[in-house]
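The values are calculated or read from the model by the stated rules, or taken from the named source; none is laboratory data. As the structure is a computational prediction, the values presented were derived from the model and not from experiment. No Cβ is skipped: glycine too gets one built from the backbone with ideal geometry, and neighbour counts run over all protein chains shown. Just so you know, the surface numbers come from the protein's heavy atoms only, side chains and all, with ligands and any DNA or RNA stripped out. Shrake-Rupley method; radii C 1.70, N 1.55, O 1.52, S 1.80 Å.
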Amino acid sequence: MRKILTWLIAATITASAQATVKLPQFFSDNMVLQQQTECSIWGWTEAGKKVAVATSWNKKSYTVTADKKGSFAVKVKTPEAGGPYTVTFNDGDTLQLSNVMVGEVWICSGQSNMEMLMKGYKAQPVEGAVEELLACHDNELRLFYGKRLASLEPQKDLAGYWQEANTASVREFSATAYFFGKTLRQVLGVPVGLICTAFGGSACEAWMKADWLKAFPKVQQTITEEDVRKLQQRCPTALYNGQLAPLIGYGIRGAIWYQGEDNVPRYDFYAPLLSRMIQGWRTEWQQGDFPFYYCQIAPFDYSVTDWALHNSALLREQQAKVETMVGNCRMAVLLDTGISDVIHPRKKRQAGQRLALLALSNTYDVKGLPDFAKYKEVEFKNDTAVISFDRSKEWVYFENGATSTNFEVAGSDKVFHPATKVWVNRNRVYVTCDEVKQPAAVRYAFKDWVVGDLMHDGLPVSSFRTDNW
């Protein structure tokens, strides 16, 4: 009898434990939910169990029944930005999330330049990190840093946890993403949540579903567990499965992206590839054409790598095309931030702030902010090339004086020579070359390593070429 009673007690305890709600790790204390929307929240409990989800901001309770696998999902209405609040789950046992804020949520993804922590890499510091870490405490800026995981199959959870911004948490968080979020906090004055899911050295292909890659025959189509093990972050679909799939559906305002270095050897189809990735993310998230802002890779001397035969300006050119191919999508130019012998620029403040500039101007409609001018067209007048720009109402100029050494000119022989004379008048750049009397093409900063000096309203202009040779 005593054995039977002991078994019954143990069975009761086990059933109770099975019925306790379990949540993905990004639904936790300190999280931020997207304001003024219907946010999805999901998790697991015992199959067929009813779960009540109560939100303290409106004192409402939402009831849902777990399916045959024990999964449940519910949409909760969020108010204007504010907090802290609680979210309580009850399936017979109670689980409460505390210190929850409602505000603006952004996904932050890419490869090492997005992943790069505020503390930097070994002997590769982030510029201004010491000063920032002394003054970065902000309990309304919340940070979630997802653990690296390449996977053959889509995952249901992403390891990590939410933290308030302070010296310890910021030091171990993406510097680019932090500066982006800090700038939003300063301008908008609402809570901001940043979910960083990045992996150093990752390929764009790794962040895409297999079906999306069928349009790109140069990309490996059949993936095995062995491929994932060997290629890791460069394996097609592996990071989508491991680091993005778990997050899809989490209420967000938009995404920021810093990636491209790994795709330099495969530059020729990067524009349609990234465009397809963006469209795919939006389709999967089912939150409309949410804003997508991305960094153009900074200059770096690729002659020290195995990719020396490829000019990284061709990848930057592909990146510049993406914002013309996809709506609600803009590029932050970093042509003035590179280091010749280090692929990880120290100027992460500029990267984050410029991404924030795009978000504030285009998503949050903040007036009076500068914009990135871009190459429009060239007109050849005898021996002079006259280059004009879009988005250049404040006129272009050279950062370090009246001229630049970053221009090259070619005639019909397609041989480029350094420009002899370069000058600016309003939003036109004029270029001549003594060795080319009949110019047919002009290139600006179209090399691996340059220091961009053509500016507009305090922001660099992307490298460009007028030819397609």
(request) Would you be so kind as to identify which of G82, T65, G43 lies farthest towards the positive end of the dipole of the stretch 38-88, taking Lys and Arg as +1 and Asp and Glu as -1 on Cβ and the Cα centre as origin? (result) T65
(request) Calculate one ³J(HN,Hα) per residue across the stretch 152-163 by plugging θ = phi - 60° into the Karplus curve 6.51 cos²θ - 1.76 cosθ + 1.60, and present them in order as whole Hz with x for glycine and proline. (result) 6, 10, x, 8, 9, 9, 10, 5, x, 7, 7, 9
(request) Please tell me the relative contact order of the stretch 12-158 in percent, rounded to the nearest whole number, where contacts are Cα pairs under 8 Å and at least six residues apart. (result) 25
(message) If amide hydrogens are placed 1.01 Å from N in the peptide plane, which non-local residues have theirs closer than 5 Å to the one on F173?
(response) M118, K119
(request) For every helix of n ≥ 4 consecutive DSSP H residues, a contribution of -39,500 (n - 2.57) applies; sum these over the chain, divide by its total residues, and give [θ] at 222 nm rounded to the nearest 500 deg cm²/dmol. (result) -6500 deg cm²/dmol
(request) Could I get the Rg over Rh figure for the stretch 213-258? Both from C-alpha atoms, Rh via Kirkwood, rounded to two places. (result) 1.04
(message) Check which residues have an amide H placed less than 5 Å from L33's amide H, if you skip close sequence neighbours.
(response) M101, V102, G103
(request) Using per-residue counts of other Cβ atoms within 10 Å, averaged over each peptide, order 427-437, 168-178 from highest down. (result) 168-178, 427-437
(message) Counting heavy atoms of the protein chains only and a 1.4 Å probe, report the per residue accessible area for the chain as a whole number of Å².
(response) 44
(request) For A168 and K22, calculate 0.36 nm times their separation in residues minus their Cα-Cα distance, and state this gained length in nm to one decimal. (result) 49.8 nm
(message) Rounded to the nearest 20 debye, what is the charge dipole size of the chain about its Cα centre when +1 sits on each Lys and Arg Cβ and -1 on each Asp and Glu Cβ?
(response) 1200
(message) Using a 1.4 angstrom probe on the protein heavy atoms only, could you order R354, R276 from most to least accessible area?
(response) R276, R354
(request) Name the residue farthest towards the positive end of the dipole of the chain from the options V386, S109, Y430, assuming +1 on Cβ of Lys and Arg, -1 on Cβ of Asp and Glu, about the Cα centre. (result) S109
(message) Between S388 and S361, how high is the FRET efficiency from 1/(1 + (r/R0)^6) when r is the Cβ-Cβ distance and R₀ = 30 Å? Nearest 0.05.
(response) 0.85
(request) Would you work out the charge dipole size for the stretch 177-325 about its Cα centre, treating the Cβ of every Lys and Arg as +1 and the Cβ of every Asp and Glu as -1, and quote it to the nearest 20 debye? (result) 360
(request) Convert each backbone phi in the stretch 288-299 into a coupling constant with the Karplus relation 6.51 cos²θ - 1.76 cosθ + 1.60 (shift: θ = phi - 60°), then list the ³J(HN,Hα) values in order as whole Hz, x for Gly and Pro. (result) x, 7, 5, x, 9, 10, 9, 8, 7, 4, 7, x
(message) So if I place +1 on the C-beta of Lys and Arg and -1 on the C-beta of Asp and Glu, and nothing else carries charge, what would the dipole magnitude of the stretch 112-184 be about its Cα centre? I want it in debye, nearest 20.
(response) 220
(request) Over the Cα atoms of the chain, compute the convex hull volume and normalise it per residue, giving Å³. (result) 167
(request) Could you go through the stretch 452-469 in sequence order and give the Karplus-derived ³J(HN,Hα) for each residue, using 6.51 cos²θ - 1.76 cosθ + 1.60 with θ = phi - 60°, rounded to whole Hz, and x for Gly and Pro? (result) x, 10, 7, 10, 8, 6, x, 10, x, 8, 5, 4, 7, 9, 8, 9, 10, 6
(message) Among S275, F446, V228, which residue has its Cα furthest toward the positive end of the charge dipole of the chain, with +1 on Lys/Arg Cβ and -1 on Asp/Glu Cβ?
(response) V228
(message) Going by amide H atoms built from the backbone, whose H comes under 5 Å of the H on H310, apart from near neighbours?
(response) none
(request) Just round it to a whole percent: the fraction of Cα-Cα distances in the stretch 226-292 exceeding 13 Å. (result) 71
(request) Can you tell me how much longer the chain between W42 and Y161 gets when fully stretched, taken as 0.36 nm per residue apart minus their C-alpha distance, in nm with one decimal? (result) 41.2 nm
(message) What number results when the radius of gyration of the stretch 228-367, computed over Cα atoms, is divided by 2.2 N^0.38 Å?
(response) 1.09
